[in-house]
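One structure is given here, and the rest of the page talks about it.
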Amino acid sequence: MTVSKQTEFKPITRSFFEKEWTERFDVFYQTTIDGEKKFVKFAEYDPKDYSHLNAILDERQNEAFYIRETDLYKYYRFNILKRLLLELAQDKPPAREAFQRVYPVATRILQDHLEIPTSDEFLALLDELPLVLSESLDPENLRFYELFAITLKEDTIHAHCVNVGMYCLCLARELGMSRKDREEIFRGGLLADIGKKFIPMEVLFKKDALTEEDRQTIRRHTAFGKKKLNEQRRYSKTVLRMAGEHHENFDGTGYPLKLAGNEIDTAARICKIMDVFNALTSHRPYREVMSPLQALTLMKEKMGEQFDSKLLTAFIQYAGKS
Ligand SMILES: [Fe+2]
């Protein structure tokens, strides 16, 4: 059996087979037939008889293997998400534990979406997480330092996306926003930087000083993200505006449109605060990582004009409750 449509196939590593699969799926390898690259079925994964495939894989350790995107989608939808939602509904864990369980799932889905060429529908896997978290989140039981301790501080886009989403959700709850608004702001925070998928990695993670051209390229992630999310016709205006406006500054010096004050969507103003806060408190090759207190002090004293001061003060108060 050969198939030539490359976009359907996603590369997988050996550790992929150690995931909690419950369904069968086909494993492919890539080869060239008559000068054309094709994907050929190599073996079948059977969760009841993994040893057979394991033995074959041991013999071909240096080869790259692939699965269909539909199978990868099924893995998250039926193995990971379904189980997570069921367990959360049954256990009704306190907020900190709910975050602890949801966080790695959200980062894995976003990482796969950003690192392998999954289709846009793949992002729909994240749709149910805001509902779950929004319901279980009780700020009385969740101190900011506890949430902060759960989040990864690594220099990756997927960790940044999930952290921003989490922080947005917490402040939205603290501000007394409705459940629907909290879900939207969480979703928007998760997806605000999704346009970075379309920016070359060598520019995003360049070790040398950025040129003006590099800066212009990176700035396009706001427009790309908004456009891509809009094309999916599944996201609210709030989510689209968060993607498009999270680098606008309150004083009108941001990008891409130089909007100011109330011209910037409230959710995007919150997202801007979380975006900067997470960047300052995460590892970056060009500077020391900051503690939350150091980051918030810098944001208030040196960068205050960029933010909506009422929202920044609310966030500082919330973070300071720890
Ligand atoms: Fe951004």
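The values are calculated or read from the model by the stated rules, or taken from the named source; none is laboratory data. Quantities reported herein were computed from a predicted structural model and do not represent experimental measurements. With ideal geometry, Cβ positions are generated from the backbone for all residues, glycine too; neighbour counts draw on all protein chains shown.
Within segment 216-246, if we keep just the residues that are farther than 14 Å from Arg187 by Cα and of a type in the set (Lys, Arg), the residue that is surrounded by the fewest Cβ atoms within 10 Å (Cβ to Cβ) turns out to be Arg233.
None of Ile80, Ile67 is under 25 Å from the mean Cα position of the chain (by Cα), aliphatic (A, V, I, L, M) and modelled with pLDDT under 85 except Ile80. Within segment 227-247, the residues that satisfy the criterion of being more than 11 Å from the ligand (Cβ to nearest atom) and either more than 25 Å from Glu183 (Cβ to Cβ) or not aliphatic (A, V, I, L, M) (or both) are Lys227, Lys228, Asn230, Glu231, Gln232, Arg233, Arg234, Tyr235, Ser236, Lys237, Thr238, Arg241.
State yes or no: is Asn249 touching a helix residue (DSSP H, G or I) at 6+ places or on another chain (Cβ under 9 Å), outside any loop (DSSP other than H, G, I, E, B) and surrounded by 15 or more Cβ atoms within 10 Å (Cβ to Cβ)? For Asn249, the condition - touching a helix residue (DSSP H, G or I) at 6+ places or on another chain (Cβ under 9 Å), outside any loop (DSSP other than H, G, I, E, B) and surrounded by 15 or more Cβ atoms within 10 Å (Cβ to Cβ) - is not met. Those residues that are over 16 Å from Ala268 (Cβ atoms) and touching a Lys or Arg at 6+ places or on another chain (Cβ under 7 Å), I need them from segment 293-322; list them, please. Ile316, Lys321, Ser322, listed by residue number.
Kindly indicate whether Ile199 is buried (at least 18 other Cβ atoms within 10 Å of the Cβ) and either within 13 Å of the ligand (Cβ to nearest atom) or modelled with pLDDT under 95 (or both). Spelling it out, Ile199 is indeed buried (at least 18 other Cβ atoms within 10 Å of the Cβ) and either within 13 Å of the ligand (Cβ to nearest atom) or modelled with pLDDT under 95 (or both). Scanning segment 269-305 for residues that are over 24 Å from Phe205 (Cα atoms) and touching a residue at least 40 places away in the same chain (Cβ under 8 Å), we see that the one that is surrounded by the most Cβ atoms within 10 Å (Cβ to Cβ) is Ile270.
Please go through segment 269-318 and give me each residue that is of a type in the set (A, V, I, L, M) and within 14 Å of Val164 (Cα to Cα), ordered by number.
First pass over segment 269-318, keeping only residues of a type in the set (A, V, I, L, M): 270, 273-274, 276, 279-280, 289-290, 293, 295-296, 298-299, 303, 311-312, 314, 316.
Residues satisfying the conditions are Ile270, Ile273, Met274, Val276, Ala279, Leu280.
For Arg287, the conditions (1) within 11 Å of the ligand (Cβ to nearest atom); (2) within 29 Å of Glu146 (Cα to Cα) are fulfilled apart from (1).
Close Cβ contacts (under 6 Å, 6 or more residues apart or on different chains) running from residues in segment 245-259 that are within 15 Å of Cys271 (Cα to Cα) and at pLDDT below 95 to residues that are assigned to a loop (DSSP other than H, G, I, E, B) and within 14 Å of the ligand (Cβ to nearest atom) are absent.
Is it the case that some residue within segment 204-215 is crowded, with 17+ Cβ neighbours inside 10 Å and within 16 Å of the ligand (Cβ to nearest atom)?
Taking segment 204-215 first, the residues crowded, with 17+ Cβ neighbours inside 10 Å are 214.
Retained after the next criterion (residues that are within 16 Å of the ligand (Cβ to nearest atom)): 214.
Among the residues of segment 204-215, at least one is crowded, with 17+ Cβ neighbours inside 10 Å and within 16 Å of the ligand (Cβ to nearest atom), which makes the answer yes.
All of Ala279, Ala268, Ala319 fail the test of being within 25 Å of Thr238 (Cβ to Cβ), outside any loop (DSSP other than H, G, I, E, B), modelled with pLDDT under 95 and not hydroxyl-bearing (Ser, Thr, Tyr), apart from Ala319.
Could you run through segment 84-107 and say how many residues are in contact (Cβ under 8 Å) with a residue 60 or more places away in the chain and not aliphatic (A, V, I, L, M)? The qualifying residues number 2. Number of residues in segment 306-316 that are in a helix (DSSP H, G or I) and in contact (Cβ under 8 Å) with a residue 24 or more places away in the chain equals 6.
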